[in-house]
Amino acid sequence: MAGIVVKGHFPRRRMVQVIGTNIFRYIFRGAARNWVRNMGSTAPALGSMTLLLFLSGVIGLSGFALYNLEQVEAGQASVLHVYIRDSAASIDVDALWDRLAQDRRVASVTLTTKRRRSSGRSASQACRSSPTRARAIRFPRASTCR
């Protein structure tokens, strides 16, 4: 028998089964084992990142809410009511009117009489107010424009 090569005959189904078992063992089972082993070291990092993202979102939403609140409050504070006594001299009132009209920060100056001012309020509120003429001075909303 020297010089004769004998080929071993392996059944094809057995060879496919061995290859499939090895692929599953080395690729999938090894990967799953490594994932479980590495979970111990990645869990604290994932927890830290989750906490950081959550706190960043809360801070961002809080800042956005405060910005909107500031816009609303600044819009409401853009009207200034100046109350002038009925006994004030007409010259003084006109001088104040002209001075306010020339100020570039003032958008408009309007006169509101006592009757018109108290019609929007209850009787108790109108009685508590001083007997004056009111001038509503409207400031521009340059800092609060959207």
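The values are calculated or read from the model by the stated rules, or taken from the named source; none is laboratory data. Just so it is clear, the structure is predicted and the values come from calculations on it, not from any experiment. Cβ: placed from backbone, ideal geometry, glycine included. Neighbour counts: every protein chain shown.
Residues in region 68-78: is at least one surrounded by fewer than 10 Cβ atoms within 10 Å (Cβ to Cβ), small (Gly, Ala, Ser), at pLDDT below 90 and assigned to a helix (DSSP H, G or I)?
No, there is no match, as no residue in region 68-78 is surrounded by fewer than 10 Cβ atoms within 10 Å (Cβ to Cβ), small (Gly, Ala, Ser), at pLDDT below 90 and assigned to a helix (DSSP H, G or I).
Return the pairs, sorted by first residue and then second, in which the second residue is at pLDDT below 95, the first residue lies in region 45-61 and is on the phi < 0 side of the Ramachandran plot, the beta carbons are less than 8 Å apart, and the residues are 6+ apart or on different chains.
Pairs that qualify, where the first residue is on the phi < 0 side of the Ramachandran plot and the partner is at pLDDT below 95: there are none.
Would you mind stating whether GLY40 is closer than 30 Å to VAL109 by Cα and either of a type outside the set (A, V, I, L, M) or exposed (fewer than 10 other Cβ atoms within 10 Å of the Cβ) (or both)?
Criteria not met by GLY40.
Listed residues ILE84, ILE91; which is exposed (fewer than 10 other Cβ atoms within 10 Å of the Cβ), out of contact with any Asp or Glu (no Cβ under 7 Å at 6 or more places or on another chain) and within 30 Å of LYS114 (Cβ to Cβ)?
After ruling out the rest, the residue left standing is ILE91.
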